[in-house]
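Everything below concerns the one structure shown next.
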Ligand SMILES: Cc1cc2nc3c(=O)[nH]c(=O)nc-3n(C[C@H](O)[C@H](O)[C@H](O)COP(=O)(O)OP(=O)(O)OC[C@H]3O[C@@H](n4cnc5c(N)ncnc54)[C@H](O)[C@@H]3O)c2cc1C
Ligand SMILES: Cc1cc2nc3c(=O)[nH]c(=O)nc-3n(C[C@H](O)[C@H](O)[C@H](O)COP(=O)(O)OP(=O)(O)OC[C@H]3O[C@@H](n4cnc5c(N)ncnc54)[C@H](O)[C@@H]3O)c2cc1C
């Protein structure tokens with residue numbers, strides 16, 4: 001079996017969950033080789049090896065943080081040259097997709113983005129995509145070059161699979177054209193202490209029906225009782241009630257949790273595009289005709305300010 | 001010297017329509033009305049604002065797409081862009097992202113540019129990869145996913161709100177920029193703008209004008225292949241209850257039954 005490069009998404013060596021999902025999917029098509037750029041490879045090694053990485057290629061250059069995207073593409077391109085993989089898998093974050101895009105151009109390879117599943121096929125890896133706001137499911141392949149595939153979070157359950165995970169230094173030369181976009185300053189997002197929206201098993205979202213920033217506490221209380229992430233519709237974000245980083249939908253995050261709870265959200269196509277692949281969908285809306293009810297496994301027609309606090313209390317009571 | 005801005009805009013099937021695949025598994029562009037991708041309106045808007053700030057600027061809107069894609073160009077012209085370039089060729093049917101980026105890059109070079117402005121993603125393919133691919137092909141800086149953008153003294157600066165951090169970016173022109181839907185509402189075309197657009201120049205180019213061989217693009221030349229497309233089975237109708245004072249408790253019982261609590 002050939003080797004599969006897996007681009008590691010991490011914060012100073014703390015490996016993010018989507019990378020573990022990628023390692024799990026990579027094992028279906030070959031032997032995972034992790035590419036860890038930036039600091040913390042020693043910390044990450046155990047986790048990566050524990051999930052099947054036979055090797056961990058690492059490089060830590062200041063350019064990765066000082067310039068946008070391109071130096072990471074240089075590193076990945078050089079990793080491809082060193083390993084000759086059968087595929088390159090990258091997490092489907094905004095940055096991940098851009099890295100993959102440039103890598104594909106450099107390699108002269110086809111690219112598939114936002115895969116929700118991956119299996120091996122006679123003619124290379126077959127990716128499943130969920131398209132047109134999840135109304136269709138397609139199966140696609142890359143037919144030229146080394147397949148470059150970005151995979152959405154929550155596409156697989158990470159499986160432990162101990163492997164050697166030998167750390168090797170990757171020699172990286174940053175190209176002259178790769179330092180064109182300077183990152184002048186960086187302000188990290190404040191942590192809310194809640195799970196990452198795209199990675200959470202449960203997402204609790206509020207929309208225009210929440211009717212005010214201060215009322216989002218109702219949504220947050222439910223989220224906290226369930227250990228969930230908080231999401232918002234664009235209407236709620238545009239009104240300034242909740243940060244854009246929590247927006248779910250076409251121009252926000254795409255989520256695929258086990259459980260999605262929508263309160264005061266009508267279910268517009270652009271919102272559905274970001275949540276329709278959730279396993280179980282629940283909605284609370286006072287309008288029985290709201291399109292969101294077409295999607296739900298369970299819906300409550302009612303005032304969210306009555307229903308949600310009662311639900312929160314009941315969850316707390318049941319959890320003891 | 002005049003600041004030459006090229007805005008790449010895509011003509012897409014209306015997302016609120018019933019979008020489908022055609023028999024050859026390409027997007028069925030006949031079944032649903034098309035329009036200028038709403039996310040590219042933000043690109044046109046930012047280009048217009050940059051041009052207004054510059055002493056002298058010229059905005060060319062560019063699309064790669066079928067005959068009807070002219071509608072998208074007209075809309076952008078009526079918003080205030082100066083002229084348009086339409087790359088249209090039967091051989092382009094079924095072109096994938098790598099192929100589209102090749103054609104766009106050649107057309108941008110053909111037009112001449114200091115700044116390329118793109119949307120954050122199309123509303124049909126939604127890949128969000130073309131701007132990065134264009135920067136790579138053109139060999140210029142990529143300054144993408146900006147919610148704020150400014151061009152001054154031959155430099156582009158902007159704010160990129162990423163997953164983990166908000167970053168302030170800076171690059172020398174020429175460069176490729178993409179803007180998000182947080183960059184500011186797009187203007188509506190005025191009546192005057194709509195009338196003026198009718199007289200603006202739309203240059204039509206085909207592959208031979210750009211020196212691209214037919215087998216480099218289209219379905220045959222694609223780097224990817226769609227093997228199947230299946231309509232997602234409708235979700236089985238769920239249980240809907242009306243709250244009569246116990247709605248929250250009923251919902252909790254459902255969640256418990258599903259083992260979420
Ligand atoms: C290019 C483009 C991209 C977009 N991207 C996104 C995106 O990423 N994400 C997104 O969400 N939208 C997006 N939109 C916007 C989308 O079209 C909708 O406008 C938006 O999703 C509406 O948000 P909403 O459901 O909260 O508000 P509304 O549609 O106004 O719905 C509010 C709902 O709350 C209910 N309600 C009100 N009060 C209560 C109450 N007390 N109790 C219970 N229910 C109540 C109402 O019955 C109604 O159904 C996009 C649009 C465009 C054009
Ligand atoms: C449902 C679906 C899934 C697809 N999946 C894949 C896939 O996995 N791999 C693949 O290679 N192709 C795929 N394609 C084809 C791909 O969408 C097109 O080739 C397209 O031209 C580029 O991708 P995009 O529309 O996602 O653009 P994006 O990268 O999302 O577009 C970003 C910006 O680039 C500019 N732009 C994009 N297209 C044009 C254009 N034609 N003319 C002018 N400017 C433009 C606009 O400014 C736009 O806002 C898919 C198409 C569809 C409809």
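Derivation of every value follows stated rules applied to the coordinates shown; laboratory data play no part. Only a predicted model underlies this, so the values are computations on that prediction, with no experimental measurement involved. Reconstructed Cβ throughout: ideal geometry from the backbone, glycine too, with neighbour counts over all protein chains shown.
Restricting to chain A, what percent of DSSP beta bridges are antiparallel, rounded to 5?
Here the antiparallel bridges make up roughly 20 percent for chain A.
Kindly rank A:262-274, B:193-205 from highest to lowest mean number of other beta carbons found within 10 Å of each residue.
So the order, starting with the most tightly packed, is A:262-274, B:193-205.
Please say if the stretch B:40-115 is rounded, prolate or oblate, where rounded means a/c under 1.5 for a ≥ b ≥ c the square roots of the C-alpha gyration tensor eigenvalues, and otherwise the choice is prolate for a/b larger than b/c and oblate otherwise?
prolate
Which values of log₁₀ I(q)/I(0), to two decimal places, follow from the Debye formula for the stretch A:202-319 at q = 0.10, 0.12, 0.14, 0.19 Å⁻¹ with a uniform point scatterer at every Cα?
-0.24, -0.34, -0.48, -0.93
Within a 10 angstrom radius of the beta carbon, how do A:140, A:93 rank from fewest other beta carbons to most? Could the numbers behind the result be given before it?
Details: A:140 24, A:93 20.
By the 10 Å Cβ count, ascending: A:93, A:140.
Pop the C-beta distance of residue B:215 and residue A:119 into the FRET formula with R0 = 35 Å and round what comes out to the nearest 0.05. Intermediate results must be reported in sequence, preceding the final value.
Values: r = 30 Å, r/R0 = 0.85.
For R0 = 35 Å, the calculated efficiency reads 0.70.
For the residues A:194, B:19, what sequence is obtained by ranking on other C-beta atoms within 10 Å, fewest first?
A:194, B:19
Report, to the nearest 10°, how far helix A:17-29 tilts away from the longest principal axis of the Cα atoms in chain A, using its own Cα long axis and a range of 0 to 90°.
Approximately 60 degrees, to the nearest ten.
Can you tell me how the stretch A:23-87 classifies by the Cα gyration tensor, rounded, prolate or oblate, using a/c under 1.5 as the rounded cut?
Cα axes put the stretch A:23-87 in the oblate bin.
If the viscosity is 1.567 mPa s and the temperature 4 °C, what Stokes-Einstein diffusion coefficient in µm²/s follows for the stretch A:3-179 when Rh is the Kirkwood radius over Cα pairs?
Roughly 82 µm²/s, to the nearest whole number.
How large is the translational diffusion coefficient of the stretch B:118-225 in µm² per second when you combine the Kirkwood radius over alpha carbon pairs with Stokes-Einstein at 20 °C and 1.002 mPa s?
D, rounded to a whole number, is 127 µm²/s.
Given an 8 Å cut-off on Cα distances and at least 6 residues of separation, report the relative contact order of chain A as a percent.
Computed over chain A, the figure is 15 percent.
Could you bin all the Cα-Cα distances of the stretch A:43-130 into 10 Å bins starting at 0 and give me the percent of pairs in each, rounded to whole numbers?
Going out from 0 Å in 10 Å bins, the stretch A:43-130 shows 14, 42, 39, 6, 0 percent.
Report the Rg/Rh value for the stretch A:150-242, based on alpha-carbon coordinates and the Kirkwood definition of Rh.
On the Cα set of the stretch A:150-242, Rg over Rh gives 1.14.
Using Cα pairs closer than 8 Å and at least 6 residues apart in sequence, work out the relative contact order for the stretch B:3-221, in percent. Walk me through the numbers before you get to the answer.
On the way: 477 pairs, mean separation 57.3, N = 219.
Computed value for the stretch B:3-221: 26 percent relative contact order.
Which of A:1, A:275 comes first, and how do the rest follow, when ranked by fewest Cβ neighbours within 10 Å?
Numbers: A:1 9, A:275 28.
In increasing order of surrounding Cβ atoms, one gets A:1, A:275.
Calculate how steeply helix A:41-50 sits against the longest principal axis of the alpha-carbon atoms of chain A, using the helix alpha-carbon long axis, and give the answer as 0 to 90 degrees to the nearest 10.
That works out to roughly 80 degrees.
Tell me, Kirkwood radius of chain B from alpha-carbon pair distances, in Å?
20.2 Å
Please report the antiparallel percentage of DSSP beta bridges with both residues in the stretch A:3-179, rounded to the nearest 5.
30 percent
I want the antiparallel fraction of DSSP beta bridges within the protein assembly as shown, as a percent rounded to 5.
35 percent
Take the alpha carbon gyration tensor of the protein assembly as shown, find the square roots of its eigenvalues, order them as a ≥ b ≥ c, and report rounded if a/c is under 1.5; if not, report prolate when a/b exceeds b/c, else oblate. The partial results should precede the final answer.
Working: a/c = 1.58, a/b = 1.20, b/c = 1.31.
Because a/c hits 1.5 or more and a/b fails to exceed b/c, the protein assembly as shown counts as oblate.
Calculate how steeply helix B:38-53 sits against the longest principal axis of the alpha-carbon atoms of chain B, using the helix alpha-carbon long axis, and give the answer as 0 to 90 degrees to the nearest 10.
It works out to around 40 degrees.
Which value, in Å³ per residue, describes the convex hull spanned by the Cα atoms of chain A?
Spread over its residues, the Cα hull of chain A gives 140 Å³ apiece.
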